[in-house]
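We did not get these values from a lab; they are worked out from the coordinates using the rules stated. Remember, it's a predicted structure, so these values are computed and weren't measured experimentally. When we count neighbours, we look across all protein chains shown, and the Cβ atoms used for this are built from the backbone with ideal geometry, even at glycine.
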There are 2 protein chains.
Amino acid sequence: MKTLEEVAQRAAVSLATVSRVINNQPHVRPAIRERVLSAIRELGYVPNAAARTMVTRRTNIVGLMLPQVTWDWYGGDGTFYPMLLQSVSNACTVNERHLLLSTVPPGNPQMAREVLGGGHIDGVIASMFASADPVINLIATSHLPAVLIGRNPYYPELSWVDVDNFSSAQEAVSYLVRQGRRRIATLMLGTEGQAGVQRRDGYTRALLNHGLALDPALLLEPSRSGDDGYAAMQQLLDLPNRPDAVFAAADGMALRALDAIRERGLRVPEDIAVIGFDDQPSASRAGPPLTTVRQPIMEMGTQATALLLRLIDAPEAGPLHMVLPTQLVIRQSA
Amino acid sequence: MKTLEEVAQRAAVSLATVSRVINNQPHVRPAIRERVLSAIRELGYVPNAAARTMVTRRTNIVGLMLPQVTWDWYGGDGTFYPMLLQSVSNACTVNERHLLLSTVPPGNPQMAREVLGGGHIDGVIASMFASADPVINLIATSHLPAVLIGRNPYYPELSWVDVDNFSSAQEAVSYLVRQGRRRIATLMLGTEGQAGVQRRDGYTRALLNHGLALDPALLLEPSRSGDDGYAAMQQLLDLPNRPDAVFAAADGMALRALDAIRERGLRVPEDIAVIGFDDQPSASRAGPPLTTVRQPIMEMGTQATALLLRLIDAPEAGPLHMVLPTQLVIRQSA
DNA sequence: TTGAAAGCGCTAACAA
DNA sequence: TTGTTAGCGCTTTCAA
């Protein structure tokens, strides 16, 4: 690997001058600047990141912590993390930052601890299922600039980007009511995270608003992976008084519900209307195409990165919060 | 941030001793080791990565370069990169390495150049569409330990992990012939990469083996993104002498082909048999469930990481090559 | 406008 | 077994 010194020698100047040229600092005569630039080009010199970091305390690396990349997300596409990752990666490239990705295995935050404490990164973006995930605590105590995807009730000092899950769910369920539905079930997310809590509460609030009865038999919480949504829908269909609509808090569950309904020979939306959440790619190709709440996933990643870069430059400006709009995409399932 | 020196002070020993403890070196009295360990724990000390890297010339970071994470891969799931990423990430965690992810925008390899030249990483895994992608050249000239996903005809000095695309395609098409198909079309991948070339050649070889005619009208190359596979299938159906089987080199294309066939009121597999490639999650949920060639994507990521770690420890051991087995998964579309 | 030199936190060679 | 010390490659005063 080439060093500053070799460049300096070749250009017949001092280390300091080469450093100035590299960092686009003033006070270098144009002729000399040119000479240095040529030397750099000829040598194929690239500054050593570690050495730079030692003195500047900057890495130009953004950390991203996820439970995983791929996921059998409620039996659906599981495109949430890939899209988030893609958008954060894009934003990093645009802003000339590198991206250090940590998928944190449950119960083993050792690598995460090292990333957070070892000066690897200038700041971190994290998206975890549970509000109480130990990784969030590590982040909070690291005092690194940080932005969460999804608000967190336990760490008000942390910045976040989120959608309004409460209102979005409320809007979706209200839409069902306006379509004449009176017995509306919900397939819930786990409530370890705020998304699950707020979508459930939005559902409840919509029923309350319209004076509809709250039937606990109509609230089901399928497990996150696998085709549990299918079994849950069957359970709903087996009810003596089956629902005429379902609000599924994830597209995967909605798709599995569609399967279960179709198998019973029931029609969607005539017999049962179905609404999903996320608008994953497969939603529009479902039979029938799924009405769903679209989350601006890519935008969340982009904005999270933007907030983080602001925090890195001005930590005292935090905590920063941003709520991005969702959109009810009406197709044919409701 | 805490430093070695603070730990040394607190434990009342020298820097060297603390360093020895951290790096699990011998020649430290157990009692002293304990004292140092306590100091580390009490201080919450984590070694500074940049400082370590400066002297050891090791980063413990693996680079991964991809065109992107999400992709509308021939109108399909596009789970290839997310799965690859997941498996590499897992393997890194298991081997106590961090992962630096670079999605390289077409025509802008600047960040990649910096990663490769700046001492950011100990080695790199890359998966590009085109064998002649400039990034591959950057990698080859960086002299960093590197492993490609997919063999490369231009850089024999590079290590790779791959499947046998030629034989896999040949096997799939031979299966169609054994099922009595005589007029077999193929929806090809782009041929800028070896996967596309070899799947096409395997298709051709199977026809040759069975003495079947090669009809250029039966070779179509849909574009990588979007629903082009749908239009391609329509084109095949419009042929005066339409095919009785289709070998699609990507599941996405196969799925779109299924759509086009269904719309014409034709039956699969009775009228036209369809085979895909990849076995993406949606393949098994298609109507009818797709017969396809399963690629061990996660295994490729795992093995690529393993090879890379070997190369990092012993660069002269390379180039290393590994061919992983595929499997023809027979479902109902053929 | 340029250069000399200190020092970032750590490891490793060498001395004790 | 433990400690002292010389750098690793760079940026950043400070002096010239």
Residue-by-residue Karplus 3J(HN,Hα) for the range A:250-264, coefficients 6.51, -1.76, 1.60, Hz, glycine and proline x
8, 4, x, 4, 4, 5, 5, 4, 4, 4, 4, 5, 4, 4, 7
Please label the shape of the range B:76-137 as rounded, prolate or oblate, based on the square roots a ≥ b ≥ c of the eigenvalues of the alpha-carbon gyration tensor (a/c under 1.5 means rounded; beyond that, a/b larger than b/c means prolate, else oblate).
oblate
If you average the C-alpha positions of the range B:110-165 and of the range A:197-224 separately, how far apart do those two centres end up, in angstrom?
51 Å
Distances from B:GLN179 to the same residue in each other copy, label points 7 Å out along Cα→Cβ, in nm, shortest first?
3.7
Please average, across the residues of B:55-67, the number of beta carbons from any other chain that are within 10 Å of each residue's own beta carbon, and give a whole number.
2
Length released on extending from B:LEU219 to B:ARG57, taking residue separation times 0.36 nm less the Cα-Cα span:
53.2 nm
Computed over all unlike Cα pairs, the Kirkwood hydrodynamic radius of the protein assembly as shown in Å stands at 27.5 Å
Distances from A:ALA213 to the same residue in each other copy, label points 7 Å out along Cα→Cβ, in nm, shortest first?
7.0
In sequence order, what are the phi-derived ³J(HN,Hα) couplings for the range A:231-245 according to the Karplus relation 6.51 cos²θ - 1.76 cosθ + 1.60 with θ = phi - 60°, rounded to whole Hz, with x for glycine and proline?
4, 4, 5, 4, 4, 5, 6, 7, 4, x, 10, 6, x, 9, 6
Between copies, how far does the label point of B:GLU270 sit from its twins, in nm, shortest first, when each point is 7 Å from Cα along Cα→Cβ?
2.5
Just to compare against my own numbers: the Cα pair-distance distribution for chain A, 20 Å bins, whole % per bin, please.
28, 43, 20, 8, 0
State, as an integer percentage, the relative contact order of chain A based on alpha-carbon contacts under 8 Å between residues 6 or more apart.
18 percent
Quick one: check the C-alpha center-to-center distance for the range A:37-84 versus the range A:282-334, whole angstrom.
22 Å
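Across the residues of A:88-97, average count of Cβ atoms on other protein chains within 10 Å? All intermediate terms of the calculation are to be shown ahead of the outcome.
Numbers: counts 3, 10, 4, 0, 4, 8, 3, 0, 3, 1.
That works out to 4 on average.
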Can you bin every Cα-Cα distance in the range A:165-294 into 10 Å intervals starting at zero and give me the percent of pairs per bin, rounded to whole numbers?
14, 51, 33, 2
For the pair B:ARG267/B:TYR154, report the inter-label distance in nm, with labels modelled 7 Å from Cα in the Cβ direction.
4.9 nm
Which shape class applies to the range A:37-173: rounded if a/c is under 1.5, otherwise prolate when a/b exceeds b/c and oblate if not, where a ≥ b ≥ c are the square roots of the Cα gyration tensor eigenvalues?
prolate
Report the equivalent ellipsoid semi-axes for the range A:4-47 in whole Å, largest first, defined as the square roots of five times the eigenvalues of the gyration tensor built from alpha carbon atoms.
14, 10, 10
